[in-house]
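Trainee: One structure, pasted below without further comment.
The values are calculated or read from the model by the stated rules, or taken from the named source; none is laboratory data. Since the model is a prediction, treat every value here as computed from it, not as a measurement. Counting neighbours? That spans all protein chains shown, and the Cβs are built from the backbone with ideal geometry, glycine included.
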Amino acid sequence: MARAVSEIEQEIRALPDVEKERLLRALLEELDGPPDAGAEQAWLDEIQRRSRELDAGLVQTIPADKVFADLRAKLAQR
């Protein structure tokens, strides 16, 4: 007979944080499915492209404080 989800939840909540994290990672990996074959290379290519743009002065950075302040302001309007 299958155990109730609430019973499983109670057991999980009683675990040490390290074990909860390990379980969460395993479940997320299972839900995500296999990694995309070209994802890592695509991210490396994107990072290099953006780095070249910054070095060449083609783009301008925005300080994180401003980005977060703008986001907070937009969320406050909701």
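Residue by residue, here is whether (1) at pLDDT below 95; (2) among the hydrophobic types (A, V, I, L, M, F, W, C); (3) surrounded by fewer than 10 Cβ atoms within 10 Å (Cβ to Cβ); (4) outside any helix (DSSP H, G or I) holds:
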position: Pro34; (1), (2), (3), (4): yes, no, yes, yes
position: Ala42; (1), (2), (3), (4): no, yes, no, no
position: Arg50; (1), (2), (3), (4): no, no, no, no
position: Glu53; (1), (2), (3), (4): no, no, no, no
position: Leu58; (1), (2), (3), (4): no, yes, yes, yes
position: Asp65; (1), (2), (3), (4): no, no, yes, no
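Trainee: When you scan segment 18-26, do you find a residue that is exposed (fewer than 10 other Cβ atoms within 10 Å of the Cβ) and in a loop (DSSP other than H, G, I, E, B), even just one?
Mentor: No, segment 18-26 contains no residue that is exposed (fewer than 10 other Cβ atoms within 10 Å of the Cβ) and in a loop (DSSP other than H, G, I, E, B).
Trainee: What's the number of the condition Leu15 fails, among (1) within 22 Å of the chain's Cα centre (by Cα); (2) assigned to a loop (DSSP other than H, G, I, E, B); (3) surrounded by 10 or more Cβ atoms within 10 Å (Cβ to Cβ)?
Mentor: For Leu15, the failing item is (1).
Trainee: In addition: Go through (1) at pLDDT 95 or above; (2) more than 21 Å from the chain's Cα centre (by Cα) and name the single condition Ala4 misses.
Mentor: With respect to (1) at pLDDT 95 or above; (2) more than 21 Å from the chain's Cα centre (by Cα), Ala4 is out only on (1).
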